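*Asks:* My questions will all concern the structure given below.
The values are calculated or read from the model by the stated rules, or taken from the named source; none is laboratory data. Just so you know, these numbers come straight off a predicted model, no measurement behind them. Here Cβ is always computed from backbone atoms with ideal geometry, including for glycine, and neighbour counts include all displayed protein chains. Note: accessible area is taken over every heavy atom of the protein model, side chains too, but ligands, DNA and RNA are not part of it. Shrake-Rupley method; radii C 1.70, N 1.55, O 1.52, S 1.80 Å.
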Amino acid sequence: MAATFASKCSRVGRSLWGGLGNNLSGLLSASHETACNHFLSQQQRTFIQMRTVLKVVDNSGAKKVMCIQALKGKKGARLGDTIIASVKEAYPNGKVKKGKVVYGVVVRAAMQRGRCDGSEVKFDDNAVVLVDKQGQPIGTRVFGPVPHELRQKKHVKILSLAGHIA
Amino acid sequence: MALSTSRTLLRSFASLSPFARCSNSTSYGDSLWSSEPRAIFKGGSYFLAQRKLSSTSVLSLGSIEALLQEWKLGFPSLSRALYCSTADFKKNELLELQEVEKVLSDVRADNVKVIPVQKHCAWADFMVIATGRSTWHVKNIAQALIYKVKQKQKGAQRLMLPSVEGQEGGKWIVIDSGKVVVHALDEKARDYYSLESLWTTGTSEKEPIQDLEKALVKIRRKNNSKKQAKKSA
């Protein structure tokens, strides 16, 4: 599907690791103000729920995890929430192996998250940082941008390991 | 795949800025009543964003210049923020660097290192790393810092405490008080995470990114071939 609009809209349109893609039910996210007014290229992003595949952005050894439970929230996890996930793909010598059940903190989500000043932040993919039950990160470095929301959610450890803060 | 963020409103990136926020109760079980939390993000030259954070750590305030700057920009929603900030303005910051150093030397924490991260960290000015000899010692360092903050705010109506993470397992405790972030680790955790190498090389990491911008400029290749160029008639 090629969006014939500006490149900005085509980037909004398609994403490989989205949540569950278009959700045509009445599940609308928090804010309805979007800058892009081309309704044909807008995609309805939703929460991170069971069976969502997320990318792992630390050096713990895993590559892809699949969410099996969102710890807080009836509909699913959002940016900054913790999830329980199962490792689906891993590097051969890493700290976690395939099939392990781990906890993770969502650091990038395709669904927009409202900030207190009225703006929203959303990313192109869903990414997670693996932690243990006490909230200690398993890896030692975090790659890619992470949002400020982690500070509010008491994930300052992940912020301090990250290189770039959005 | 390029990772990118898109926003509806512009947001300023502050190179160094203290935020002002009010905290909720900490993990010590103190039942605190927090005032309505808000923050002022002192931005660059063009934009200021106002933040309202529900449960965060308390941070320091902007200066008078920041307030004047906000007035000049005519940001309408700042009036509410300004009210709270002028009220907070007379209070001190939560934890200052000298106080932190003094407390850490009192508790006899090992290997205290202070890293100024103003240049490559927008959300904190100083990172303090301290090592504890055991998990109990690490927890004690955290408790000593909280006690110091409580002492500072004796007699105030509402206590504003910094946020503490990792209190249950005593391996890595982070105390976030705005400008100053204190990490209390034990030796194994310190070797494992190696936070100093992360932040001291931060400045050197920034420079290659700037060169990348120049590298993306298209430059016409030099044609050093000996072949004669075909001349179209």
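*Asks:* Given a cut-off of under 8 Å on Cα pairs at least six residues apart, what relative contact order in percent is computed for the range B:97-200? Walk me through the numbers on the way to the answer.
*Replies:* Details: 162 pairs, mean separation 29.3, N = 104.
This gives 28 percent for the range B:97-200.
*Asks:* Which far-off residues, 5 or more places away or on another chain, put their amide H under 5 Å from the one on A:Arg141, with H placed in the peptide plane?
*Replies:* Hits under the 5 Å cutoff: A:Asn59.
*Asks:* Once label points are set 7 Å from the Cα along Cα→Cβ at both B:Tyr147 and A:Arg51, what is their separation, rounded to one decimal in nm?
*Replies:* 5.5 nm
*Asks:* What list of whole percents do you get for P(r) of the range B:97-200, with Cα-Cα distances grouped in 5 Å bins up to the one holding the largest distance?
*Replies:* 2, 13, 24, 25, 20, 10, 4, 1, 0
*Asks:* Moving to a separate point now. Suppose the Debye formula is applied to equal point scatterers at every Cα of the range A:88-166; what is log10 I(q)/I(0) at q = 0.13, 0.15, 0.16, 0.18 Å⁻¹?
*Replies:* Values, matching the q order: -0.43, -0.56, -0.64, -0.79.
*Asks:* Can I ask one more? Using a 1.4 Å probe on the protein chains only, how many percent of the accessible area of the range B:97-200 belongs to carbon and sulfur?
*Replies:* Carbon and sulfur: 49 percent of the exposed surface of the range B:97-200.
*Asks:* Note the buried accessible area between A and B here, summed over both chains, with a 1.4 Å probe, in Å² to the nearest 100.
*Replies:* 3700 Å²
*Asks:* Taking the Cα-to-Cβ direction at B:Lys154 and at B:Glu101 and moving 7 Å from each Cα, how far apart do the two end points lie in nm?
*Replies:* Label at B:Lys154, label at B:Glu101, 2.5 nm between them.
*Asks:* Here's something else I'd like to know. With each label point set 7 Å from Cα along the Cα-Cβ vector, what nm distance links B:Thr135 and A:His164?
*Replies:* Inter-label distance under the simple model: 3.8 nm.
*Asks:* With respect to the cross-link table entries A:Lys64/B:Lys179; A:Lys64/A:Lys122; A:Lys95/A:Lys122, which display a Cα-Cα separation exceeding 28 Å? Let's see the in-between values first.
*Replies:* On the way: A:Lys64/B:Lys179 35 Å; A:Lys64/A:Lys122 20 Å; A:Lys95/A:Lys122 30 Å.
Too far apart for the 28 Å limit: A:Lys64/B:Lys179; A:Lys95/A:Lys122.
*Asks:* Could I ask something else about it? Just to verify a number: FRET efficiency for B:Glu168 and B:Gln118, C-beta to C-beta distance, R0 = 22 Å, to 0.05?
*Replies:* 0.10
*Asks:* Could I ask something else about it? Quick check on the range B:97-200: of the DSSP beta bridges with both residues there, what percent are antiparallel, nearest 5%?
*Replies:* 65 percent
*Asks:* What fraction, in whole percent, of alpha-carbon pairs in the range B:139-182 exceed 16 Å separation? Spell out each step's value before the answer.
*Replies:* Details: 351 of 946 pairs.
Distances greater than 16 Å cover 37 percent of the Cα pairs.
*Asks:* Also, I was wondering about something else. Rank by packing, highest mean first: peptides A:84-93, B:157-166, B:218-227, B:172-181, with packing defined as the count of other Cβ atoms within 10 Å averaged across residues. Don't skip to the end; give the middle numbers.
*Replies:* Details: A:84-93: 16.1, B:157-166: 20.2, B:218-227: 5.8, B:172-181: 25.3.
Top of the packing list down: B:172-181, B:157-166, A:84-93, B:218-227.
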